[in-house]
Amino acid sequence: MAFALTPERDRELGEILGRYPTKMGACIPMLHLCQEQNGWISDEIILYVAEKLTIPAAHVKGVVTFYTLFNQKPVGKHQVWVCRTLPCALRGADAILHHCEKKLGIHAGETTADGKITLRTAECLASCGTAPMIQVDKDYHENLTPERVDQILAKLQA
Ligand code: FES
């Protein structure tokens, strides 16, 4: 079945469109709506957004491939982002990432076999004062230790 936003999200899109002088301005918020619904941005969704906003599909594709927060392939139920920029790196981000990889049995960029967790790396998530940190879906977990990471991952795997 062809992709389409749910009626509720379509109404939300209508409100979003009212905030911008041109339809192109709504590209990123519309992509967020689509990803919220589908989990990732497929080529079909790129065409849907382009058609709905009457902008070139190449523009939409450019946005999707530029911002790492848009998933270009299916992802797990939860996404774990490990910040690896300098402040986090100086406070052990590498060890946190390796700990996650070992615990989950996957590398960064991969999804666990049960489809529950996708492990990603991120550039600065603006929480440098509480490094090292990770983002799980929309929540931050800060001042991490391997023990704390174990608790967080166990909760996601339950
Ligand atoms: S460097 Fe990790 S939050 Fe800024």
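The Cβ shell under 13 Å around Ala154 holds other residues with a net charge of +2, Lys and Arg each +1, Asp and Glu each -1. Take each peptide in 94-107, 12-25, count the other Cβ atoms within 10 Å of every residue, and average; sorted highest first, the result is 94-107, 12-25. Helix 27-38 and the longest principal axis of the Cα set of the chain meet at an angle near 70°. Residues whose amide H comes within less than 5 Å of that of Thr121, counting only those at least five positions distant or on another chain, are Val82, Gly109 (H built at 1.01 Å from N in the peptide plane). Computed from the mean reciprocal separation of all distinct C-alpha pairs, what Kirkwood hydrodynamic radius does segment 7-66 have, in Å? Result for segment 7-66 stands at 11.4 Å. Taken about its Cα centre, the chain carries a charge dipole of roughly 120 debye when the Cβ of each Lys and Arg holds +1 and the Cβ of each Asp and Glu holds -1. Taking the longest Cα principal axis of the chain as reference, the axis of helix 43-53 is set at about 50 degrees.
For His78, the residues whose amide H sits under 5 Å from its own are Ile117, Thr118, ignoring neighbours fewer than 5 places away on the same chain, with H placed 1.01 Å from N.
Enclosing the Cα atoms of segment 60-158 in their convex hull gives a volume equal to 93 cubic angstrom per residue. Only Cα pairs under 8 Å and 6+ residues apart enter the sum, and on that basis the relative contact order of segment 7-66 stands at 28 percent. The lysine pair count for the chain, using Cα distances under 20 Å and pairs eight or more places apart or on different chains, is 18.
The numbers here are math on the coordinates, done by the rules we state, and not lab data. Keep in mind that what you see is a predicted model, and the values were worked out from it rather than measured. Backbone-built Cβ (ideal geometry, glycine too); neighbour counts: all protein chains shown.
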